[in-house]
1. Return the only residue of Pro135, Pro118 being touching a Leu at 6+ places or on another chain (Cβ under 9 Å) and of a type outside the set (A, V, I, L, M).
2. Filter segment 103-144 for residues that are surrounded by fewer than 22 Cβ atoms within 10 Å (Cβ to Cβ), over 20 Å from Thr58 (Cα atoms) and either of a type in the set (D, E, K, R) or within 14 Å of the chain's Cα centre (by Cα) (or both) and give the result.
3. Are there any pairs, at least 6 apart or on different chains, whose C-beta atoms fall under 7 Å, with the first in segment 108-121 and over 18 Å from Ala217 (Cβ atoms) and the second of a type in the set (Asp, Glu) and open to solvent by 20 Å² or more (accessible area, probe 1.4 Å), and if so, which?
4. Answer with yes or no whether Ser186 is under 18 Å from Gly120 (Cα atoms), hydroxyl-bearing (Ser, Thr, Tyr) and in contact (Cβ under 8 Å) with a residue 40 or more places away in the chain.
5. Could you please give the count of residues in segment 186-203 that are within 15 Å of the chain's Cα centre (by Cα) and open to solvent by 50 Å² or more (accessible area, probe 1.4 Å)?
6. I'm trying to understand the selection: among the residues of segment 145-182, which are aromatic (Phe, Trp, Tyr), open to solvent by 30 Å² or more (accessible area, probe 1.4 Å) and part of a strand (DSSP E or B)?
7. Have a look at Gly245, Gly249 and point out the one that is in contact (Cβ under 8 Å) with a residue 12 or more places away in the chain, within 18 Å of Arg98 (Cα to Cα) and not in a helix (DSSP H, G or I).
8. Hey, among the residues in segment 86-102 that are outside any loop (DSSP other than H, G, I, E, B), farther than 16 Å from Val222 by Cβ and free of Cβ contacts under 8 Å to residues at least 40 places away in the same chain, which one's most open to solvent (accessible area, probe 1.4 Å)?
Amino acid sequence: MATAQRVRLGTRLRNGAVALLSAVGVALGAPAAPGSAATPPAASPAPGVPLPAAMADTGGGTQLITARARTLGATTGTVNWWQRHNGRWRQLGSAPARFGAGGLAEGRSRVQGTKTTPTGLYDLPFAFGTASAPPGTTAPYRRVGADSWWCEDNASTSYNRWVAPLPPDCAAHESERLAGYPTQYSRALVIGFNYHRPVRGRGAGIFLHVNGKGATAGCVSVPARTMARILSWVRPSAHPHIAIGTTSGPTAVTRY
């Protein structure tokens, strides 16, 4: 009996020592087991640090627009525009923004028809509008006519392209007649999402445009005065880009 008791006591002492060492390791910040630690969420830059300076990529130019929402489910947020001079970014303006009625979605896996605004970093191929270009505009600007469309038919060779008139292989009910949205498309910038190498089913017709009555179908929208200011400011020679994302997490704008 005494021998058995000594064995059990020794076992308890060894187990207690192991537990104590484990607790000390955790308290001292010992590394967790592989795969158990989550990647810290990306967040806003420290006070005083311009947002572009904290981004993984800004597109390589000297002009940047950022569009941020608090969460993926949000339909509103903020648009800021920035200019880089002598290696430093300076904010030139800020305005309230609206996003898709379905919120935001990671651009690389977005699905067409979900009314989500794609997150990511994109160029701005050209501008267009039912109204004339604001004074000072140097970006290529196309006036919308009665036969101007944006083809969103996945089966068409013109998928995710401006067309005028609508080609036979692009179904009207799966596309947008731009003149049908005289307020939203009074002035707009094409966002280069899924534009240069279109992936069928990912989405088409994503723009920065003037506010309508509410959330968008997947675009980013701003007040009319803001849209005019941005168009007057954008310079193709500055290689402008737009970064769309959340304030933190895997889709934080700083990750793009």
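The values are calculated or read from the model by the stated rules, or taken from the named source; none is laboratory data. Not measured: the values here are computed from a predicted model. Cβ: placed from backbone, ideal geometry, glycine included. Neighbour counts: every protein chain shown. Just so you know, the surface numbers come from the protein's heavy atoms only, side chains and all, with ligands and any DNA or RNA stripped out. Shrake-Rupley method; radii C 1.70, N 1.55, O 1.52, S 1.80 Å.
1. Details: Pro135 fails: touching a Leu at 6+ places or on another chain (Cβ under 9 Å).
From the options Pro135, Pro118, the qualifying one is Pro118.
2. Correct list: Gly103, Ser109, Lys115, Arg142, Arg143.
3. So the pair list comes out as Leu121/Asp57.
4. Working: under 18 Å from Gly120 (Cα atoms): no; hydroxyl-bearing (Ser, Thr, Tyr): yes; in contact (Cβ under 8 Å) with a residue 40 or more places away in the chain: yes.
In short, no.
5. Residues meeting the conditions: 1.
6. Taking segment 145-182 as the starting set, the residues that turn out to be aromatic (Phe, Trp, Tyr) are 149-150, 159, 162, 181.
Now drop any that are not open to solvent by 30 Å² or more (accessible area, probe 1.4 Å), which leaves 149, 162, 181.
Those that are aromatic (Phe, Trp, Tyr), open to solvent by 30 Å² or more (accessible area, probe 1.4 Å) and part of a strand (DSSP E or B): Trp149, Trp162.
7. Result of the check over Gly245, Gly249: Gly245.
8. Of all residues in segment 86-102, those outside any loop (DSSP other than H, G, I, E, B) come to 88-98, 100.
Still in the running and farther than 16 Å from Val222 by Cβ: 88-90.
Remaining after also requiring free of Cβ contacts under 8 Å to residues at least 40 places away in the same chain: 88-89.
On the way: Arg88: 174, Trp89: 34 Å².
Among those that are outside any loop (DSSP other than H, G, I, E, B), farther than 16 Å from Val222 by Cβ and free of Cβ contacts under 8 Å to residues at least 40 places away in the same chain, it is Arg88.
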